[in-house]
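See below for the structure under consideration.
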2 protein chains.
Amino acid sequence: MAILVVPLSIVLDQIVNVFLLGAFVLPMNKSKISNTLLFQIIKEKHLLLPDIMKENDMDCWIIFVRETPSNPDPIMNLLVGGDVVWKAAFIFSISDGKFKKTVILGEGDSSAEKRKGIWDEVIGYVKGISETLKTFIDKLNPTKIALNYSLDDVVSDGLSHGMYLNIERILGEHKKKFISSKPLVHAVRGRKTKTEIELVQKACELTEEINKKMAKQFKIGVSETQIQEMFFKEMENLGVEEAWQRNCCPAIDAGPDKEIGHDGPREDLFTQKGHTLHNDFGVRLNGYCSDIQRMWFFGTEDEIPDELIHAFNTVRDAIQKAADYIKPGVTGHSVDTIARNHVISQGYPEYGHALGHQVGTEGHDGGVLLGPLWEKYGDIPKGLVEENNIFTLELEVVTKNYGTVSLEEDVVITKDGCRFLVPPQTKFITL
Amino acid sequence: MAILVVPLSIVLDQIVNVFLLGAFVLPMNKSKISNTLLFQIIKEKHLLLPDIMKENDMDCWIIFVRETPSNPDPIMNLLVGGDVVWKAAFIFSISDGKFKKTVILGEGDSSAEKRKGIWDEVIGYVKGISETLKTFIDKLNPTKIALNYSLDDVVSDGLSHGMYLNIERILGEHKKKFISSKPLVHAVRGRKTKTEIELVQKACELTEEINKKMAKQFKIGVSETQIQEMFFKEMENLGVEEAWQRNCCPAIDAGPDKEIGHDGPREDLFTQKGHTLHNDFGVRLNGYCSDIQRMWFFGTEDEIPDELIHAFNTVRDAIQKAADYIKPGVTGHSVDTIARNHVISQGYPEYGHALGHQVGTEGHDGGVLLGPLWEKYGDIPKGLVEENNIFTLELEVVTKNYGTVSLEEDVVITKDGCRFLVPPQTKFITL
């Protein structure tokens with residue numbers, strides 16, 4: 001391919017194909033999002049922007065990128081769609097109360113952006129972006145310029161340092177106005193649109209469907225890796241991919257000797273009567289993820305040891321208490337505290353991670369975290385829960401004799417509470 | 001999945017599986033690199049590092065990353081392998097003449113790095129990276145600290161601005177020593193190892209194999225999109241993916257009405273007798289790419305218009321002249337000039353892009369560019385060609401009546417010249 005020419009046409013052509021010519025649709029597996037859905041979500045997100053910018057008292061936000069296949073900005077898929085080769089500035093601005101969406105990018109690439117129909121203005125440049133961008137910002141003269149950098153939050157940190165140095169050089173004195181776009185990114189990512197909620201819900205439903213189907217095939221004397229292989233085959237049959245790294249999606253944990261979490265499946269650990277089986281599993285369906293943990297027991301209900309039942313009920317109830325408490329306006333860490341205190345009250349040490357993270361295009365979707373105020377989480381747990389956020393609620397306790405009990409549910413925040421995307425697990429599934 | 005726990009175990013487990021347990025290998029398509037190959041290449045690259053650092057008078061290079069699935073550094077796949085969740089510093093240093101490789105990363109993730117066996121020292125932290133990293137650098141007290149940022153070059157710009165601010169804060173007065181790692185990144189990426197050259201060669205051979213097979217099926221009256229579909233099906237049969245964005249890989253261009261390059265295939269352009277057919281195509285095989293352009297003619301050799309023959313020979317000879325000239329030590333732009341001058345001497349306007357880019361894990365692999373000294377290319381074409389670089393040589397000329405003629409070949413730089421990875425096209429392939 002010629003260096004001048006590469007990735008921009010992806011969007012151009014797919015748009016042409018889907019919207020103009022109507023007939024040709026690229027073959028794709030069920031994990032990838034179609035262009036129809038992608039641009040539906042992007043349009044929904046664009047509608048949220050004026051309010052989000054006003055709430056945060058921001059009048060200019062620039063997504064400044066180049067060659068995004070090599071160095072992507074995580075916000076591109078929600079606000080732009082597709083990739084760019086040359087330096088490009090996607091600018092959201094409010095001037096005299098009027099919200100405007102402008103793109104400044106390589107002339108050769110501008111027709112693709114024009115055809116998307118999502119921008120108020122597309123300005124192509126020939127030799128370099130500097131003059132066009134500087135002139136535009138001089139004229140706009142915003143009070144602040146939000147850029148995608150953040151000390152704590154990876155999804156708000158899509159601007160590379162080299163590109164920061166470029167825009168600092170280009171915009172001269174305007175650099176005093178630079179400010180982190182983190183609150184904007186959090187709101188854009190976190191406030192799931194109707195379409196996004198439906199997509200995560202479908203991914204959750206499919207995950208449970210696979211879990212139920214696989215459980216019918218679980219047998220005694222099978223290794224963790226063999227069980228993982230069963231899941232892989234079923235996912236392949238269904239044309240869906242894992243929501244996170246394949247080697248631990250699903251994570252499979254059999255019996256008391258397995259420390260849940262860090263290690264993938266082992267070849268030398270086998271299912272046994274009287275033992276638990278656990279998985280941590282999500283699929284990517286239409287570009288959106290699920291993230292669910294389930295637990296099974298090899299034996300009848302009567303055979304489940306009291307120690308396991310107490311542990312299970314502790315985890316289940318901690319999740320339910322957090323779900324009963326969570327609603328728009330509460331802080332992330334306050335939700336974590338509810339679950340954490342319950343675990344401690346039942347005689348277990350507290351779990352070593354956050355109660356929950358957001359789920360969306362990534363299994364770990366960034367934004368406000370339902371986590372403790374520990375140094376490693378920075379100020380992320382201090383953020384407020386908002387309507388239409390989707391969170392995991394997950395934790396584990398370790399029993400003395402029977403290993404770890406761990407569950408994870410996915411909830412969407414409603415106007416005054418939350419809703420489980422699929423029914424939560426309330427007792428061991430016996431096998 | 002628990003936030004604490006996600007992607008690090010990918011490498012851990014695959015290493016365990018491949019190297020320790022020996023039996024279980026994850027199912028994968030032929031496009032993805034196996035862990036065996038990945039770590040073979042990483043070890044080969046590590047062997048290059050002491051010389052590369054000494055040549056560039058650098059005594060400390062830090063790859064500083066977090067949550068790489070959301071925000072990757074393009075150098076990770078060549079020097080680290082796998083992903084990290086928490087802030088991690090991969091440090092290459094030379095002290096008292098001794099080269100050393102150190103990792104400082106989250107304690108929970110450190111066992112995975114230890115098991116790789118590629119680091120001299122793996123230091124885990126619990127609460128945060130700051131103190132451990134600062135202490136290490138204080139003790140090392142290097143003269144320079146190379147970081148992955150670059151104004152011009154995307155593959156040397158993997159450090160996000162937020163992470164730059166973090167390391168600036170952590171290292172205090174050492175920040176005066178910060179310097180761009182661009183020359184290191186260029187050498188590491190550009191100096192292809194034996195294994196890498198073999199992999200790109202295999203990808204090129206497969207590309208030509210597919211081209212030849214497909215050409216037997218090319219017919220008159222078929223649309224560009226239909227021809228692209230034929231390629232997609234063959235790629236699916238072979239289990240390989242496209243080297244760049246699917247919608248223009250292969251790019252398909254039929255006849256005089258198609259401007260080669262920017263647009264993907266069209267449904268309303270059909271192959272015709274007396275017309276050309278062109279593609280720009282590469283596959284990803286074992287993680288490495290090819291990038292080749294070929295041209296066909298619907299008719300006998302006698303029927304090819306002189307205008308097309310003159311154009312073809314001009315492009316072919318420009319590429320050959322560049323290939324005859326290129327060798328280690330020449331500047332990128334001087335190679336471009338050879339081809340550009342030939343095109344002009346034959347009465348055509350010069351092409352609007354660079355003659356060639358490097359190929360490797362990406363179709364556009366960064367580093368020195370065989371391009372003109374135009375503003376948009378920055379100082380990248382001023383770099384020197386090195387042994388074992390792999391470049392494309394590609395250009396087009398536009399005829400008055402028969403559309404565009406465009407070819408692209410892939411060459412590896414040898415000790416005193418270059419070698420075509422597959423035989424270059426020397427005349428129209430007639431259909």
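The values are calculated or read from the model by the stated rules, or taken from the named source; none is laboratory data. From a predicted model like this one, the values you see are computed outputs, not experimental measurements. With ideal geometry, Cβ positions are generated from the backbone for all residues, glycine too; neighbour counts draw on all protein chains shown. Only protein heavy atoms, including side chains, enter the accessible area calculation; ligands, DNA and RNA are left aside. Shrake-Rupley method; radii C 1.70, N 1.55, O 1.52, S 1.80 Å.
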- [ ] Count the DSSP beta bridges whose two residues both fall in segment A:9-189, then state the antiparallel fraction as a percent rounded to the nearest 5.
- [x] 55
Task: Amide H partners (placed H, <5 Å) of B:Gly264, local residues excluded - done: A:Asp13
Task: Per residue value of the accessible surface for segment B:9-189 (all protein chains in place, 1.4 Å probe), Å² - done: 37
TODO: Starting from segment B:364-405, pick out the trypsin sites (Lys or Arg not before Pro) whose DSSP state is loop and whose Cβ has at most 16 other Cβ atoms within 10 Å.
DONE: B:Lys400
- [ ] Determine the share of segment B:280-357's accessible area contributed by carbon and sulfur atoms, expressed in whole percent, with a 1.4 angstrom probe.
- [x] 50
- [ ] Take the alpha-carbon centre of segment B:271-325, take the same for segment A:194-224, and report the distance between them in whole Å.
- [x] 49
Open item on the list: List the residues, sorted by chain then number, that are 5 or more residues from B:Val122 or on another chain and whose placed amide H is less than 5 Å from its amide H.
Closed with: B:Val103
Task: In segment B:237-270, GluC sites (Glu not before Pro) in a DSSP loop with at most 16 other beta-carbon atoms within 10 Å - done: B:Glu259, B:Glu267
Open item on the list: For A:Lys273, what accessible surface area do you get with a 1.4 Å probe? Give it in Å², rounded to 10.
Closed with: 120
- [ ] Would you kindly calculate the translational diffusion coefficient of segment B:56-138, applying Stokes-Einstein with the Kirkwood radius from alpha carbon pairs, for 20 °C and a viscosity of 1.002 mPa s, and quote it in µm² s⁻¹ without decimals?
- [x] 163
Open item on the list: Taking A:Ser34 in one copy and the same position in all the others, each labelled 7 Å out along Cα→Cβ, what are the pairwise distances from the first, in nm, shortest first?
Closed with: 3.8
- [ ] Average the reciprocal distances over every distinct pair of alpha-carbons in segment B:169-230, invert the result, and give the Kirkwood radius in Å.
- [x] 16.4
Open item on the list: Just to check I understand the Karplus step: with θ = phi - 60° and J = 6.51 cos²θ - 1.76 cosθ + 1.60, what whole-Hz values come out for segment A:66-79, glycine and proline as x?
Closed with: 8, 5, 5, x, 7, 8, x, 9, x, 7, 4, 5, 9, 10
Task: Sequence of B:Asp306, A:Asp51, A:Asp379, B:Asp59 from largest to smallest accessible area, 1.4 Å probe - done: B:Asp306, A:Asp51, A:Asp379, B:Asp59
Task: Table column - 3J(HN,Hα) (Hz), segment B:331-344, Karplus curve with 6.51, -1.76, 1.60, x for Gly and Pro - done: 6, x, 5, 5, 5, 4, 4, 4, 5, 4, 5, 5, 4, 5
- [ ] Divide by every residue of the protein assembly as shown the summed helix terms, -39500 (n - 2.57) for each DSSP H run of at least 4, and state the resulting mean residue ellipticity at 222 nm, rounded to the nearest 500 deg cm²/dmol.
- [x] -10500 deg cm²/dmol
TODO: Just the number, please: buried accessible area between A and B, total of both chains, 1.4 angstrom probe, nearest 100 square angstrom.
DONE: 6900
Task: Delta accessible area of at least 50 Å² on complex formation, residues of segment B:150-165, 1.4 Å probe, chain isolated as reference - done: B:Leu151, B:Val154, B:Asp157, B:His161
Task: Measure of compaction for segment A:192-430 (Cα Rg per 2.2 N^0.38 Å) - done: 0.97
Open item on the list: Given a 1.4 Å probe, show me the residues in segment B:363-378 buried by at least 40 Å² of accessible surface when comparing the whole protein assembly to the chain alone.
Closed with: B:His364, B:Glu375, B:Lys376
Open item on the list: Measuring from the axis that superposes chain A on chain B, report the chain A residue with the minimal C-beta distance, rounded to whole Å.
Closed with: A:His161, 2
Open item on the list: Just to confirm the numbers: B:Pro349, label point 7 angstrom along the Cα-Cβ line, distances to the other copies in nm, shortest first?
Closed with: 7.2
TODO: Skip the ligands, DNA and RNA, and give the accessible area per residue of segment B:237-377 with a 1.4 Å probe, whole Å².
DONE: 34
- [ ] Return the sequence-ordered ³J(HN,Hα) values of segment B:227-238 in whole Hz as given by the Karplus equation 6.51 cos²θ - 1.76 cosθ + 1.60 applied to θ = phi - 60°, using x for Gly and Pro.
- [x] 5, 4, 4, 4, 5, 4, 5, 5, 5, 5, 4, 7
Open item on the list: Translational diffusion coefficient of segment B:9-189 at 10 °C, 1.306 mPa s, Stokes-Einstein with Kirkwood Rh over Cα pairs, in µm²/s as a whole number.
Closed with: 95
Open item on the list: If amide hydrogens are placed 1.01 Å from N in the peptide plane, which non-local residues have theirs closer than 5 Å to the one on B:Val422?
Closed with: B:Asp410
Open item on the list: Treating the point 7 Å from Cα along Cα-beta-carbon as the label, what are the nm separations from B:Thr426 to the other copies, to one decimal?
Closed with: 7.9
